[in-house]
Amino acid sequence: MKLTVLGCYGPYPAAGGACSGYLLEHEGFAVLIDCGNGVLSRMQEFIELSKLKAVIISHLHSDHCSDLFILRYALQFSRDRGLLNYPLPVFAPAEPLEEYMRLPYKDVYAVKALAEGQELQIGPFTFVFLKTRHTVPCYAVGAFLAGDKKLAYSADTEYIPPLSDFARGAALFLCEANFLEEDLQKGAANHLSAAQAATLAREAGVEKLLLTHLLPFRKPQLYLNEAEQIFKSVSVAQEGAVYDLG
């Protein structure tokens, strides 16, 4: 089982980069978690579109879902060429309603609403969800393979204690760290600092912490320096990097 980081910036990408998008694969079965701008282009460097079996969207902010509105054209052409014969399942929060209603396009997507406490079986993966604290409904994502918690993804959130329970024991905790502590002290809100991400990782007892959703103008080393003071097994997400989840 592996995770490929397709994009790790928010709320906009660095030059040549992409916003949130993470490709989860096992034995040729692929699920995309978030589909921000730039993700579709990068995903095609790793898999053919016909290999993608589902998309999970944590929340309906553009830096997490905007490429869905381009992916639909690619899927339509794939169907016209006989490369696909099924609508792609897309799971996303049903709010904001006006954003959710924009997702369906012809018959290329089968759009279904996410809910907290929901359990999804998609191929070899079992997914569970936790509602986070953000400006719109947003869900952290947990992924299990054969009963083992392989991945916990924070999505976008402020610090909430239930998130450490949600991530507990994960092989990899993919956690947003949009801010540093100095930003929070200046009043920044709606996202975690690197220190808070590290605190959650320590409380959850995860094997490894991977910081993501980074500001494109900030040096990644600053996030790493802050997190390492609290949790040692930490690194900063790198676009195009593949992480083995065991």
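The values are calculated or read from the model by the stated rules, or taken from the named source; none is laboratory data. Keep in mind that this is a model prediction, so the values were computed, not measured. Note: ideal-geometry Cβ built from the backbone for every residue, glycine included; neighbour counts use all protein chains shown.
With respect to the conditions (1) among the hydrophobic types (A, V, I, L, M, F, W, C); (2) at pLDDT below 95; (3) surrounded by 19 or more Cβ atoms within 10 Å (Cβ to Cβ), Ala140 lacks only one, and its number is (2).
Val5 meets all of the listed conditions (1) part of a loop (DSSP other than H, G, I, E, B); (2) surrounded by fewer than 24 Cβ atoms within 10 Å (Cβ to Cβ); (3) under 17 Å from the mean Cα position of the chain (by Cα); (4) among the hydrophobic types (A, V, I, L, M, F, W, C) but one, namely (1). Of everything listed in (1) among the acidic types (Asp, Glu); (2) out of contact with any strand residue (DSSP E or B) (no Cβ under 8 Å at 6 or more places or on another chain); (3) more than 23 Å from Gln196 (Cβ to Cβ), the single unmet condition for Glu119 is (2).
Selection over segment 1-32 of residues that are of a type in the set (D, E, K, R) and out of contact with any Phe, Trp or Tyr (no Cβ under 8 Å at 6 or more places or on another chain) gives a count of 2. Pairs meeting the criteria (first residue in segment 164-178 and within 18 Å of Gly21 (Cβ to Cβ), second residue surrounded by fewer than 24 Cβ atoms within 10 Å (Cβ to Cβ) and of a type in the set (Lys, Arg), beta carbons under 6 Å, at least 6 apart or on different chains) are Leu172/Lys208.
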